Amino acid sequence: FLDQNPELWERIRTAVRLFDEPGRFTTILGYEWTSWLQGHRHVLYFADGGEVLSSMDARYETPDQLWKALAGQPVLTFAHHSAGGPVGTNWSFAPDPELEPVTEVASVHGSSEAWDTPGRIYHPMRGNFVRDALARGYRLGFIGSGDSHDGHPGLVQLAAPHGGLAALVG
């Protein structure tokens, strides 16, 4: 676990610095904030530094606490596999408009867009899809990514029949 292994987090930070080539290839420091109660979120830092804020730490156990701790930093969070899969997103926490302007609609786990979407996520939770979040009035952009955890970016077919590779284009 990264929050229990500062040496590993520093190795990741070093690799991000080493492989960053401005104008050609941009690396982004990030980790997964994993809460089995509130849902999973990616935390992406757009500057050197950034710390691992664990959902197991009482100071960061809710999305609101996470966003408060990240406020003012060049950082982005987004919920993923929000409609189910391993665990759905707790949409009672309205996404922070500055820190969480996007959400994941598809990954190796399947689609979280809507109940009637092709390739729907496994263990879906009715009322927990991205369209349901939009119906609550949340304004969100969308991202699709892999989340395959197998070390083969862009080759998620090795782990599942669907997914993708996320990229930011400036």
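So which of Leu8, Leu53, Leu29 is within 20 Å of Pro97 (Cα to Cα) and either open to solvent by less than 30 Å² (accessible area, probe 1.4 Å) or more than 16 Å from the chain's Cα centre (by Cα) (or both)?
Going through Leu8, Leu53, Leu29 in turn, just one is within 20 Å of Pro97 (Cα to Cα) and either open to solvent by less than 30 Å² (accessible area, probe 1.4 Å) or more than 16 Å from the chain's Cα centre (by Cα) (or both): Leu53.
Select from the stretch 62-91 the residues that are open to solvent by less than 30 Å² (accessible area, probe 1.4 Å) and assigned to a helix (DSSP H, G or I) and list them in ascending order.
The answer is Pro63, Leu66, Trp67, Leu70.
I'd like the full set of residues that are in contact with a Phe, Trp or Tyr (Cβ under 9 Å, 6 or more places away or on another chain) and among the β-branched types (Val, Ile, Thr), limited to the stretch 98-143.
Val102, Thr103, Val105, Thr117, Ile121, Val130, Ile143
Report whether or not Ala94 is touching a residue at least 40 places away in the same chain (Cβ under 8 Å), touching a Lys or Arg at 6+ places or on another chain (Cβ under 6 Å), under 23 Å from Met125 (Cβ atoms) and open to solvent by less than 60 Å² (accessible area, probe 1.4 Å).
On the way: touching a residue at least 40 places away in the same chain (Cβ under 8 Å): yes; touching a Lys or Arg at 6+ places or on another chain (Cβ under 6 Å): no; under 23 Å from Met125 (Cβ atoms): yes; open to solvent by less than 60 Å² (accessible area, probe 1.4 Å): yes.
In short, no.
Mind listing just one residue for me: the one in the stretch 10-49 that is touching a strand residue (DSSP E or B) at 6+ places or on another chain (Cβ under 8 Å) and in a helix (DSSP H, G or I) and, of those, farthest from Ser92 (Cα to Cα)?
Ranking the candidates gives Phe19 first.
Within the stretch 144-163, can one find any residue that is modelled with pLDDT of 65 or more, in contact with a strand residue (DSSP E or B) (Cβ under 6 Å, 6 or more places away or on another chain) and open to solvent by 70 Å² or more (accessible area, probe 1.4 Å)?
There is no residue in the stretch 144-163 that is modelled with pLDDT of 65 or more, in contact with a strand residue (DSSP E or B) (Cβ under 6 Å, 6 or more places away or on another chain) and open to solvent by 70 Å² or more (accessible area, probe 1.4 Å).
Within the stretch 120-130, which residues are surrounded by 15 or more Cβ atoms within 10 Å (Cβ to Cβ) and either out of contact with any strand residue (DSSP E or B) (no Cβ under 7 Å at 6 or more places or on another chain) or not in a loop (DSSP other than H, G, I, E, B) (or both)?
Answer for the stretch 120-130, where residues must be surrounded by 15 or more Cβ atoms within 10 Å (Cβ to Cβ) and either out of contact with any strand residue (DSSP E or B) (no Cβ under 7 Å at 6 or more places or on another chain) or not in a loop (DSSP other than H, G, I, E, B) (or both): Arg120, Pro124, Met125, Asn128, Phe129, Val130.
The values are calculated or read from the model by the stated rules, or taken from the named source; none is laboratory data. What you see is a predicted model, and the numbers here were worked out from it, not measured in a lab. Quick reminder, even Gly has a Cβ in these numbers, built from the backbone with ideal geometry, and neighbours come from all protein chains shown. Only protein heavy atoms, including side chains, enter the accessible area calculation; ligands, DNA and RNA are left aside. Shrake-Rupley method; radii C 1.70, N 1.55, O 1.52, S 1.80 Å.
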